[in-house]
1. Give 274, 246 a once-over and let me know the one that is open to solvent by less than 30 Å² (accessible area, probe 1.4 Å), assigned by the TED database to the domain that holds residue 331 and closer than 23 Å to residue 200 by Cα.
2. Scan region 96-116 and tell me whether some residue there is free of Cβ contacts under 8 Å to residues at least 40 places away in the same chain and either surrounded by 22 or more Cβ atoms within 10 Å (Cβ to Cβ) or assigned to a strand (DSSP E or B) (or both).
3. Could you please tell me which pairs satisfy a Cβ distance under 8 Å, a separation of 6+ or placement on different chains, a first residue in region 190-216 that is on the phi > 0 side of the Ramachandran plot, and a second residue that is in a loop (DSSP other than H, G, I, E, B)?
4. Could you give every pair whose Cβ atoms fall below 8 Å, whose first residue belongs to region 297-318 and is farther than 16 Å from residue 335 by Cα, and whose second residue is β-branched (Val, Ile, Thr) and at pLDDT below 90, counting only separations of at least 6 or pairs across chains?
5. Any residue at all in region 101-112 that is touching a Pro at 6+ places or on another chain (Cβ under 8 Å) and closer than 19 Å to residue 139 by Cβ?
6. I want to confirm something. Restricting to region 153-176 and keeping residues that are open to solvent by less than 60 Å² (accessible area, probe 1.4 Å) and of a type outside the set (A, V, I, L, M, F, W, C), which single residue is farthest from residue 204 (Cα to Cα)?
7. Please count how many residues of region 201-244 are under 28 Å from the mean Cα position of the chain (by Cα) and part of a helix (DSSP H, G or I).
8. Could you identify the single residue in 71, 2 that is exposed (fewer than 14 other Cβ atoms within 10 Å of the Cβ) and not assigned by the TED database to the domain that holds residue 161?
Amino acid sequence: MTLPPLLPWPQVHERLQLIFPEGAPHRANSVWEIAARSVFVMLYVGAVEGNDIWIRPDQVTRMTDDQALRTSDAERIAWTKLSKKPSKEAAPGRWYAGNTRESIRDDTIRNSLVPNNAVIERSGLATTSSHGRYALDAAFAALFDPALSGPPFEAAAAAWQASHLSVGARMRIAVVRKGASSGTDRLLVTFPNGETRLMAPGPSSDLSRHVIEVFAPTFLGNPAVIFLSESRDKVVARDDELAKRIGLNILADKNLPDIILADLAPAHPLLVFIEVVASDGPVSEARKSALLALTDAASYPREHIAFVTVYRDRSAAQFKKTVDSLAWGSFAWFASEPAHLVELIDGGNNPRKLKS
């Protein structure tokens with residue numbers, strides 16, 4: 001058997017960033033250093049789909065920088081045999097302590113690379129078996145061929161993503177990638193009634209467009225836009241007549257949110273306050289109280305009001321930074337996963353029971 005060609009593990013690390021771009025599921029643990037070293041070891045021993053060679057996570061811990069430079073087939077085969085033998089000796093310079101094998105198995109391989117279809121798991125092994133059980137998907141392993149670089153690598157990575165990542169995952173990547181681009185053209189936003197408005201380019205405006213064109217028709221029966229701004233002092237659209245018709249008197253106020261939607265389908269319209277988090281804050285408890293003060297002043301019933309914080313993606317730094325400040329009784333929505341909505345249930349003194 002001919003072993004696959006090798007890239008140094010730092011270059012494996014670089015390629016993983018491109019194969020699993022921002023927005024890819026399980027990205028954090030699919031692109032970190034441990035993942036790169038795990039992929040390298042699988043390539044090193046030839047644990048690739050079709051070869052009937054499999055690794056154990058503890059083999060990753062036993063690799064060393066010195067051994068990684070020994071790349072002849074004979075040296076690789078000799079180390080593979082040695083790495084399978086039980087040993088209580090701590091190899092000098094080993095990559096990881098022996099007790100990290102469970103973390104490599106669970107966090108990196110089983111819960112990240114396997115769900116992303118980059119690693120396959122050997123079937124028919126007992127849970128307690130000491131035999132190797134993990135190998136690289138053949139098409140994934142081919143992405144680390146040193147002869148593949150530049151545009152051919154990018155094309156191969158895109159082809160692998162198309163055949164191995166789910167439609168939802170690819171859409172999520174596309175949304176995140178588009179939001180991160182630095183376009184200069186003004187954004188054309190189409191309202192539920194067919195009217196259009198132009199907004200200044202930028203992440204906040206792009207998220208606002210997703211709210212109006214995707215969120216509103218998905219989660220509201222008969223959506224309408226009452227208020228839309230692209231900054232606290234720049235109003236893109238304002239419909240005072242509609243607001244008054246449903247019983248809301250909008251006053252110029254610094255506490256107005258980024259977007260106010262209404263669902264006109266219910267007998268009593270639902271008012272939806274939305275904050276877009278690209279740079280500004282979410283619907284926190286303080287923000288929710290300030291918005292309720294506006295509706296209380298207009299005698300608008302609280303039971304017909306909803307609060308939504310909008311993010312680009314669950315992996316976005318803005319979400320991780322602000323998730324602990326989201327108000328109970330509000331919702332979170334991610335433009336990269338448009339069919340899903342997170343509800344922060346406020347059970348008060350009567351928590352809801354879980355349902356299957």
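1. The conditions single out 274.
2. no
3. 202/278
4. The qualifying pairs are 302/295; 305/295.
5. There is at least one residue in region 101-112 that is touching a Pro at 6+ places or on another chain (Cβ under 8 Å) and closer than 19 Å to residue 139 by Cβ.
6. 164
7. Result for region 201-244: 17.
8. 2
The values are calculated or read from the model by the stated rules, or taken from the named source; none is laboratory data. Just so we're clear, the structure is a prediction, and the values are computed from it rather than from any experiment. Backbone-built Cβ (ideal geometry, glycine too); neighbour counts: all protein chains shown. These area figures cover heavy atoms from the full protein model, side chains too; ligands, DNA and RNA do not enter into them. Shrake-Rupley method; radii C 1.70, N 1.55, O 1.52, S 1.80 Å.
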